[in-house]
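Right, one structure below, let's go through it.
The values are calculated or read from the model by the stated rules, or taken from the named source; none is laboratory data. Values in this document were obtained by computation on a predicted structure and should not be read as measured data. Ideal geometry is used to build each Cβ from the backbone, glycine not excepted, and the neighbour counts take in all protein chains shown. Areas reflect the complete protein model, heavy atoms only, side chains present, ligands, DNA and RNA absent. Shrake-Rupley method; radii C 1.70, N 1.55, O 1.52, S 1.80 Å.
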Amino acid sequence: MQELIEDVELSFKLFEFAVRTMCYAELDKIDSTLFGQDIQLNLTEENVSFSDNNFQDLNEIIKVSKMAVGTAFGSTAICLDCLLENNQSKNENIINAKSLISAVRNAFSHGIAAPEWYVKKHNFKIIDLSFINGPKVDLESLNKKAFDYSQIGGLAVWYRLKDYVLANT
């Protein structure tokens, strides 16, 4: 259980790191000449090289950093989902948290670059997030739509959901 909690905390740090990287790129605070230089990883199995053809252009760095933000956000849902996977709580708020987290994880697993809600009919429900000052989330109405943070009440709600889950597992 402690490992799963640590994974959740690390995934949220990864998300913050990705956001910071994106912000620094958008503010033109990344030296694309240095950032885009050749890099070689000397690994035991075999070396891997990354050429300087990528990330020499600031717009390319910004574009990929935005995808990294989405990917890192998806990892927060994966880690929260793993933490709650075997949770058999009868607490309605935990059940709602688990449903939303699972649906968000699923959206990102069906399109990491462009997440889309994919909710099976037996999971159609309205999830009340008022216990963390969040909205009601209608999974049926979101099905097959592009994921947007505002649909779950925004990032602040997601962080409150994480805090609630960690405090109640």
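By how many degrees, between 0 and 90 and to the nearest 10, does the Cα long axis of helix 155-167 differ from the longest principal axis of the chain?
70
Set the bar at 32 Å for Cα to Cα. Now go through Lys63/Lys125; Lys63/Lys90; Lys29/Lys136; Lys121/Lys162 and name every pair that lies beyond it.
Lys63/Lys125; Lys63/Lys90; Lys29/Lys136
Quick check on packing: order 74-87, 135-148, 48-61 by the mean number of other C-beta atoms within 10 Å, highest mean leading.
Ranked by mean Cβ neighbours within 10 Å, highest first: 74-87, 135-148, 48-61.
Calculate what fraction, in whole %, of the accessible area of region 12-169 sits on carbon and sulfur atoms when a 1.4 Å probe is rolled over the protein chains.
The computed percentage sits at 52.
What length, rounded to one decimal in nm, is gained on full extension from Leu155 through to Ser141, with 0.36 nm per residue of separation minus their alpha-carbon distance?
Taking 0.36 nm per residue and subtracting the Cα distance, the gain is 3.0 nm.
Relative contact order for the chain: what percent, with Cα pairs under 8 Å and sequence separation of 6 or more?
18
With the cut-off at 1.5 for a/c, could you classify region 112-165 from its C-alpha gyration tensor as rounded, prolate or oblate?
Since a/c reaches 1.5 but b/c is at least a/b, the shape of region 112-165 is classed as oblate.
Express the accessible area of the chain per residue in Å², computed with a 1.4 Å probe while the remaining protein chains stay in the model.
61
May I ask for the angle, rounded to the nearest 10°, between helix 92-109 and the longest principal axis of the chain, with both axes built from Cα atoms and the value confined to 0 to 90°?
30
Mind giving me the nanometre distance, one decimal, between the label points for Glu9 and Leu41, set 7 Å out from Cα along Cα→Cβ?
2.6
What percent do you get for the relative contact order of region 56-131 when only Cα pairs under 8 Å and 6+ apart count?
30
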